[in-house]
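These notes are about the structure you will find just below.
The values are calculated or read from the model by the stated rules, or taken from the named source; none is laboratory data. Bear in mind that the values here come from a model prediction, so they are computed numbers and not experimental data. Virtual Cβ from ideal backbone geometry, glycine too; neighbours counted across all protein chains shown.
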Amino acid sequence: MATIVIMPKQGLMMEEGTITSWLKKEGEAVTVGEPLFEMETDKLTITMDAEASGTLLKIIHPEGDMVPITQPIAVLGQPGEDISVLLGGGAAPAKAAAPAEAVPAQAAEAPAAPAVERAPGERVFSSPRARLRSEENGVDIAAVPGSGPEGLVIERDVNAYMVNKPAVTPLAASLAKAQGVDLSGLTGTGRGGKITTTDLPGAVPVAAPAAQEAPAAVQQMASVQQTRGTHTEKMSGMRKAISRNMLASKETNAQTNHRIKVDMTAAIALRKQYKDLGIKVSYNDIIVRACAKALADMPIVNASVDGDDIMYHDYVNVGTAVSVPGGLIVPVIKDADIVGLSGIAVRSAELIEKARDGKLTDADYHGGTFTVSSLGMFDLDDFVAIINPPESAILAVGKIAKTPVVVTDEVGEDAIVIKSMCALCLSYDHRIIDGAEAAKFLQKVKNYLQNPVLLI
């Protein structure tokens, strides 16, 4: 009996996922537990294994499709098994942005259809993705025949229409339509062979009036100006999630920040001691440990806001921002206040490796109460980070740099010495954390870092 493969739900907040690649082709055998496809959620990219054995009879959603959770994306079964009932019963669901776009699977393979004639002013029913696709490529959507329900024009219709139609920029398409210009006989000089406004009959060339007499560099620049343009890429699920979260953070939190500079000399020595013992500990691990200790000392910084309530957490879970292709994720080190520095180092290394391999689970990046974001490796002196909701604070860590510092000895004499300094910036929610409390927290973090024996 055939098995329907669905878009899985990975995380409490996940509503849709994007299929980035199929690891099996239609007609290939699949064994349970074998990698079947890769998908991108709003947090990460992960590889999904097959939950049943059989033959991949049908890929309902190809690579690049964004699919709502629990919706069918493929069918597994026995070779020659009749799955027409499954496909005919609506197994090919709509894309997330346009639920009405469900079409028979064979529509993707249909040949390009000729333009359809519609009466002037006749309303064209089309999906949002179809309209976006047509606008990006300068296609008059009124000329595209629709294969969706009741003649709805869907994205695949636009793609099929463009097979035998010249690509054209939106502006050029608008001008051509207004002037009654037939684009079929024109050759595009734009990016990817697109027809631009300069390719239209009667267009004024961008090049100099006497290009043949102009220097070669000028002629080359004129040619570049004709071909350079703007391209559009759809925002990934991760980027959309980051956008939503950051906007929500700015809109709901009363964010402000405090800064402090820390002498990292003792922390550097501590790291070397661990290294000599064969234990790999990063500066970020030491800072996370210092923050965890300070958070345990000051529960208000570890708290979060829920409406008119303040939620005090009995646990300290510190997230560490990790840059991955396409965005940023924040895996969480659980119980950072009790696992110790070496435990933080081990757990942090595991999470970073899983994050960059796209193997994080939902449990790995949920439940954080505080975040540390380090950009010192990019030679940044300091920066301001945005709070990661529902947390109430985040610490931005700059680079460790040798800096001249004025110090006063026991008899009151000043001297300039070189120290390894690091700038810390605490962004906090002023709704529940007052300025004095934020300053006190930073002082505690500084004290732990400058006296790292307290961290062991």
- [ ] Being in contact with a strand residue (DSSP E or B) (Cβ under 7 Å, 6 or more places away or on another chain) and modelled with pLDDT of 75 or more is the filter here, so list the residues in region 127-151 that pass it.
- [x] I141, V144, G146
- [ ] Give the residues of region 7-33 that are modelled with pLDDT under 90 and either hydrophobic (A, V, I, L, M, F, W, C) or over 25 Å from the mean Cα position of the chain (by Cα) (or both), sorted by residue number.
- [x] M7, L12, M13, M14, I19, V32, G33
Task: Residue under evaluation D379, criteria (1) surrounded by fewer than 20 Cβ atoms within 10 Å (Cβ to Cβ); (2) touching a strand residue (DSSP E or B) at 6+ places or on another chain (Cβ under 7 Å); (3) at pLDDT 90 or above; (4) over 22 Å from I286 (Cα atoms), criterion not met - done: (4)
Open item on the list: With the structure loaded, tell me whether L351 is part of a loop (DSSP other than H, G, I, E, B), assigned by TED's automatic domain parsing to the domain that holds Y448 and more than 23 Å from V301 (Cα to Cα) or whether it fails that test.
Closed with: no
TODO: May I ask you to list the residues in region 401-432 that are among the basic types (K, R) and in contact with a helix residue (DSSP H, G or I) (Cβ under 8 Å, 6 or more places away or on another chain)?
DONE: K419
TODO: Taking only region 268-310 into account, find how many residues are without any contact (Cβ under 8 Å) to a residue 40 or more places away in the chain and either among the polar types (S, T, N, Q) or more than 21 Å from G398 (Cα to Cα) (or both).
DONE: 9
TODO: Those residues that are crowded, with 18+ Cβ neighbours inside 10 Å, farther than 27 Å from S420 by Cα and of a type outside the set (A, V, I, L, M, F, W, C), I need them from region 262-313; list them, please.
DONE: N302, S304
